[in-house]
Structure formats: C-alpha cells, structure tokens
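Participant: Dumping the structure here so I can ask a few things about it.
The values are calculated or read from the model by the stated rules, or taken from the named source; none is laboratory data. Please read these numbers as outputs of a predicted model, since none were measured by experiment. Neighbour counts run over all protein chains shown; Cβ positions are idealised from the backbone, glycine included.
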Amino acid sequence: MKTLFKNAIILQLDLPKGYFKGDVVVEDDKIIFVDKRYNGSYDKKINVNGNILSPGFINTHTHSPMSILRSVKDEVNLQSWLFDNIFPMEQQLTYDDVYYGTILSICEYLKAGITSIQEYYFYEDAILKALDDCSYRATLSLGFLTEKDKTEKYLEKQFCAIEKSPLIRPVCTFHSMYLIDKKQIVDLMNFAHKNGLPVSTHLSETKKENLDSIKEHGKTPTEYLEELKYFDNPSNSYHCVHLSNNDLKIFKKHKASITTCPSSNLKLGSGIPNVFKFLKKGINVAIGTDGPASNNNLDMFKEMFLTATLSKSLSNCKNNISPNEILKMATINGAKAMYYEKIGEIKVGNYADLILIDTNSPHMQPKTNILSNLVYSAKSSDVYLTMINGKILYNKGKFFLPFNVKDIYKKVNAIRKRISI
Ligand SMILES: [Zn+2]
C-alpha cells in the first residue's frame, strides 16, 4: 500500500528554514520518498493543500492509565497529591481499569498528534494489551518494582511479552530513588545491563527529594544514582527540576537524556528547571506530559509553549530557546531519549509516524513564521490526521480503533465513580 501526501509544508528541522514544500510517500510502515515532487505511482493520495506535515510528537514521560484520576485534588503539592490522594485511589484499580484508562489516553494522544510515548505504570500487561490493540508505538516499563515480589523472573516474563509486540520496546524503569530500595535499583540496573536495555526514573523533581537524599546518602539523587550505575545504561530521567552543576557534569559525561515536564512541575508546585542551561551544556532534552492526572492534558503544543516561555521568564528573555530547538525536543530529541531509532524525523527509511496540522485558522495567520506559529500559536485541535507505522489512526475527528470512543468514555466514568479517596 502506497500513500502519497501531496503539496505539503514538510517539517525538516535540520534545514536552515526548518521546512520545505513538497511530497512524501509512505509504503506500508516506512517513508520511501521525501522531495519536491513525486511523479510515480500510488494507491491513495492525500492532498495536504499547503498544510503542515510534521513527524508525530514523542512524549517521553507519561502514565497513561492516570486518565482515570484526572482532576483529583488539583490544588495540592506533589507530596500531598501522591501520598494522601493518588496512592490510596491507585490501590483500588484493577487490570481492566488500567486497560481502559490507557485506551482513553491513546485517544487523547492521537487527537493531539502524539505518535509515541514512554510509558510507566503498574498492570504493565494491561497497558501492553491496550497499546497492542490500538497499534500504538511506545517504550514500556519492565516492572513497577514497588513490591518486594517483583523479581528477575517477573522482569524476564515481562521482557518476553514486550518482545512479541512489533511497536513496543522495553525500558527498565523504577519510580524514584525515594520509593525504591537500593537493592531493587541495583537488581534492575543489572538486568538492564545484561539485556542491553535503556533505563529511566523520576529524578530531582522536588527540593525535598534532594534534601532527603543529601541527608541520607550525603549525595544528590543524581550522584547517588551514578554510584548505583544507573548512568552506565542509556538513560532518560524525568523532571530534573533541581540539578546542581556537578549533576549536569554527570549527565554530560554519560550522554544521559532529560525529559522536562513543565505543566506537571507548575501544577504540583515542584519548580522550574533551567532547560536552557541543560541544552547549552549539550545534554539531550526531550519533552513529556507526565500523567494526565498531574497536567491535566496530553498535549505537546501546551508543553512546547511552556518550555519556551518558562525559559524566557526565568531570564528576562535572555535565555531564548528557538522554536526550531523546541520542535526538536518534541520530536528528534524524544526519539533519542526513548532509545528508539527511525522515528522523530521525516526521512526516507524512517517509520511513517506522521501528522497533518491545519493552518487555515485565524490563530495560524499570517503564515510568515511557520515554526514560531507551531510553538507559540498552534493548538492540539489543529491536528487533523495522525498516522502511526503507516496506518491512519485518526482523521478529521474519527478514530480508527477497534473501539467506539463513546463506550470508552462510559467505561472510564463508571470506573471513576467506583473508586474513592
Ligand atoms: Zn511521572
């Protein structure tokens, strides 16, 4: 099956302008042509009419099933939100709840042009089934590891299950250094090392986490995890709001990635990371939404806008991250952080994870600065088509999933009515 995208503004961020006008051809799951004009054969033609053809956005930190917990205690800080509210509610969730919560989030990702995620939550087998059922691309955590019984045998079992999924890759994730004991972290890092897998965790999200770590270990969380060989694997660390200069040296030395989650950090009062400084040091920075309960959207346009504007507000507009750089964070840098090759760029040989963005709205005029429009003006509702691995999963308000979306809304509302704090 060959699909021709005709007459598009094609986002290619390595070009001086960041885009050019032309055609793209997708055959089965891959991009096979990217140039000014295609004159060959095709099975299906999509006339893009001068709208934007972009690589799908890569959301490098999320907890999809938390869509069920959206708008729970929106007014408290991270510690109170997590320990007094979210954890007691999570204990009541079942395999089916996690499955339907994940499906709801997949609908939100598709509508917002997010084509791959790095996912971390419990009932991983329910999440894996939801991702597979929707043909959605992800890296998925192996083992939640908050319970003592999650052993190497359990990790092996999860690893084998993920290996069977064509679009899902494993990542060894533990929640954080403050929830998981030293032996469990070391065991997980050994498993990652043995199997050549990437690792990830929440890191230095709050000042309290840093102060507790210094009190207990005499080191910052980053220094402590370096000692536990976390950084010996390709890593993606979430939040990193409170990093010291020495922490940054550790990230640089190990070529470690950071995922910034601006909405979540603002909502939970965790602080504002100095993303401009991370980029200046040459560290790979990607963007994540975090879970839909701490955001409360799964919307990369909102996160791009906040990443750009928070950096400016921290520095009286001196530390300006260019729209090109912001868009790279949401695409190319995301692929690198997830350790997932052949996504994040529109180029021949890459997987066809593509989105179309409508530019025929008042807020997208004039069209003189396309990249700025995308970062500062565009909304997720401007996305009108989302393709993953060559398959159109969303087009002009319609989902192409094995579910009726309204049934999913009913299921999730019924789950939420059943659970309480
Ligand atoms: Zn998180």
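Participant: Confirm whether T386 is more than 29 Å from G196 (Cα to Cα), crowded, with 19+ Cβ neighbours inside 10 Å and polar (S, T, N, Q).
Facilitator: Answer is yes for this residue.
Participant: More than 19 Å from the chain's Cα centre (by Cα) and either within 16 Å of the ligand (Cβ to nearest atom) or over 24 Å from T94 (Cβ atoms) (or both), is that true of G113?
Facilitator: no
Participant: Just wondering, is there one or more residues in segment 213-222 that are at pLDDT 95 or above, within 16 Å of the ligand (Cβ to nearest atom) and not acidic (D, E)?
Facilitator: The answer is yes; a qualifying residue exists.
Participant: Give the residues of segment 107-130 that are among the β-branched types (V, I, T), in contact (Cβ under 8 Å) with a residue 60 or more places away in the chain and under 21 Å from D96 (Cα atoms), sorted by residue number.
Facilitator: The answer is I127, and nothing else.
Participant: Any idea which of E227, E209 is modelled with pLDDT of 95 or more and away from the ligand (no atom under 16 Å from the Cβ)?
Facilitator: One residue alone meets the criteria, E227.
Participant: I'd like the full set of residues that are over 20 Å from the mean Cα position of the chain (by Cα) and of a type in the set (A, V, I, L, M, F, W, C), limited to segment 237-287.
Facilitator: If the condition is that a residue be over 20 Å from the mean Cα position of the chain (by Cα) and of a type in the set (A, V, I, L, M, F, W, C), then L243, L248, I250 are the ones that fit.
Participant: Determine whether segment 192-201 contains at least one residue that is within 16 Å of the ligand (Cβ to nearest atom), closer than 30 Å to F276 by Cβ and in contact (Cβ under 8 Å) with a residue 60 or more places away in the chain.
Facilitator: The answer is yes, given that some residue of segment 192-201 is within 16 Å of the ligand (Cβ to nearest atom), closer than 30 Å to F276 by Cβ and in contact (Cβ under 8 Å) with a residue 60 or more places away in the chain.
Participant: Could you figure out which of (1) free of Cβ contacts under 8 Å to residues at least 40 places away in the same chain; (2) assigned to a loop (DSSP other than H, G, I, E, B) isn't true of N296?
Facilitator: With respect to (1) free of Cβ contacts under 8 Å to residues at least 40 places away in the same chain; (2) assigned to a loop (DSSP other than H, G, I, E, B), N296 is out only on (1).
Participant: Let me ask another. Scan segment 198-219 for residues that are polar (S, T, N, Q) and more than 17 Å from the chain's Cα centre (by Cα) and report the count.
Facilitator: Number of matching residues: 4.
Participant: So which residues in segment 247-284 are outside any loop (DSSP other than H, G, I, E, B), within 16 Å of the ligand (Cβ to nearest atom) and out of contact with any Lys or Arg (no Cβ under 7 Å at 6 or more places or on another chain)?
Facilitator: I258, T259, T260, P262, S264, N265, L266, K267
Participant: Taking the residues in segment 235-246 that are part of a loop (DSSP other than H, G, I, E, B) and more than 20 Å from V171 (Cβ to Cβ) as candidates, determine which candidate is farthest from the ligand (Cβ to nearest atom).
Facilitator: S244
Participant: Return the only residue of Y351, Y376, Y339 being surrounded by 15 or more Cβ atoms within 10 Å (Cβ to Cβ) and at positive phi.
Facilitator: Y339
Participant: Please state which one of H217, H202 is buried (at least 21 other Cβ atoms within 10 Å of the Cβ) and touching a Phe, Trp or Tyr at 6+ places or on another chain (Cβ under 6 Å).
Facilitator: H202 is the lone residue from the list that is buried (at least 21 other Cβ atoms within 10 Å of the Cβ) and touching a Phe, Trp or Tyr at 6+ places or on another chain (Cβ under 6 Å).
Participant: Ok, one more. On the basis of being in contact with a Ser or Thr (Cβ under 7 Å, 6 or more places away or on another chain), in a helix (DSSP H, G or I), away from the ligand (no atom under 16 Å from the Cβ) and under 19 Å from S116 (Cα atoms), does F301 make the cut?
Facilitator: Yes, satisfied.
Participant: Go through segment 288-314 and count every residue that is within 14 Å of the chain's Cα centre (by Cα) and surrounded by fewer than 19 Cβ atoms within 10 Å (Cβ to Cβ).
Facilitator: 2
Participant: When you look at F20, is it within 27 Å of M364 (Cα to Cα) and buried (at least 22 other Cβ atoms within 10 Å of the Cβ), yes or no?
Facilitator: So F20 does not fit the description; no.
Participant: Right, here's the next one. So which residues in segment 26-84 are among the β-branched types (V, I, T) and either surrounded by fewer than 18 Cβ atoms within 10 Å (Cβ to Cβ) or farther than 22 Å from T115 by Cα (or both), if there are any at all?
Facilitator: Correct list: I32, V72, V76.
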